[in-house]
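The values are calculated or read from the model by the stated rules, or taken from the named source; none is laboratory data. Predicted, not measured: the structure shown is a model, and the values here were computed from it. Every residue, glycine as well, gets a Cβ built from its backbone with ideal geometry; the counts of neighbours run over all protein chains shown.
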Amino acid sequence: MGELQVWAPSPFDGDDLLPVALGARKVDDTGRQNIEPGDLIFPTLKMLQGSSEEVKQGVDGAKAGLFWLTGVNEVFKPPIRVLACAHTKSRTLFPKPDRPEHAGLQECLSRDGRWGSSYGDCVSCSHKDWDSVNSRPPACSESHNFTVLTPMGPAIIRFARTSIKSARNFLTAWRMSPDTLWSHPIVITTKIRTDMVNGRPSTTHVMEMRWLMRENVPPDVQAAARTIYDQVMTANVEGRFDNQQQNGVDTDDVPY
């Protein structure tokens, strides 16, 4: 039986969600044989906006600009430091009653970013395209989803709309690197952006991510991250990876 391995990362001025205490002991899988990757539903670590239901309902501790971990209903103040295990893409179309261009549209969810539940093939679907004639953003939103391993277990962080540019910049850096996604921690910071929506100013909290390439993750922690990666990708290939995007969850970031 291995001893508990404690990771001592560099000092961090923020909410640190790195899984610093992971055991080198073999996991006992007794009774878990019937659990498949597609049966898993990971909670979401979401950036709260002023329009988030948790904020509008006055949930204790829920404020715009903070991170909210569903399931445990705990808040974290940015910046946060996390360890990413897997990257997937998805698309969501949740018609909003205050947007005339959404009239007549159906809700559509694509867990793999390739095939939607209502409109089928995402490549040929026009709802993902900008309306250049009327200068309107697409009804369908692409999302880059990162499964992160936290002390509370795996969770999903979604980068969409105003935050998607930062995710793409990160993915470019990762693609050019020989390292795995979980070789180094990620720091997620936020900034405030103001846009005009329906003729009125709207404030959005935008996420930005940075890979700490000088901070190396210990082998035992990397092994745990690889296990999560295998589970996520198996479920994603089967089209069964559930990251809680149903019913409009995490679609609060409206402006582009």
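Yes or no: the stretch 45-56 includes at least one residue that is surrounded by fewer than 19 Cβ atoms within 10 Å (Cβ to Cβ) and either at pLDDT below 90 or in a loop (DSSP other than H, G, I, E, B) (or both). If you could, list the steps in order and put the result at the bottom.
Pass one, the stretch 45-56, residues surrounded by fewer than 19 Cβ atoms within 10 Å (Cβ to Cβ): 50-51, 53, 55-56.
From what's left, either at pLDDT below 90 or in a loop (DSSP other than H, G, I, E, B) (or both): 50-51.
Checked the stretch 45-56: at least one residue is surrounded by fewer than 19 Cβ atoms within 10 Å (Cβ to Cβ) and either at pLDDT below 90 or in a loop (DSSP other than H, G, I, E, B) (or both).
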Some residue of the stretch 167-175 being modelled with pLDDT under 90 and in a helix (DSSP H, G or I): no
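Run down T204, T162 and say which single residue is assigned to a strand (DSSP E or B) and either over 18 Å from V232 (Cβ atoms) or of a type in the set (D, E) (or both). Show your work before the answer.
Details: T162 fails: assigned to a strand (DSSP E or B).
Only one candidate qualifies: T204.
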Counted residues, the stretch 181-205 - those being in contact with a helix residue (DSSP H, G or I) (Cβ under 7 Å, 6 or more places away or on another chain), β-branched (V, I, T) and at pLDDT 95 or above: 0
Residue count, the stretch 84-118 (criterion: in a loop (DSSP other than H, G, I, E, B), in contact with a helix residue (DSSP H, G or I) (Cβ under 9 Å, 6 or more places away or on another chain) and not aliphatic (A, V, I, L, M)): 6
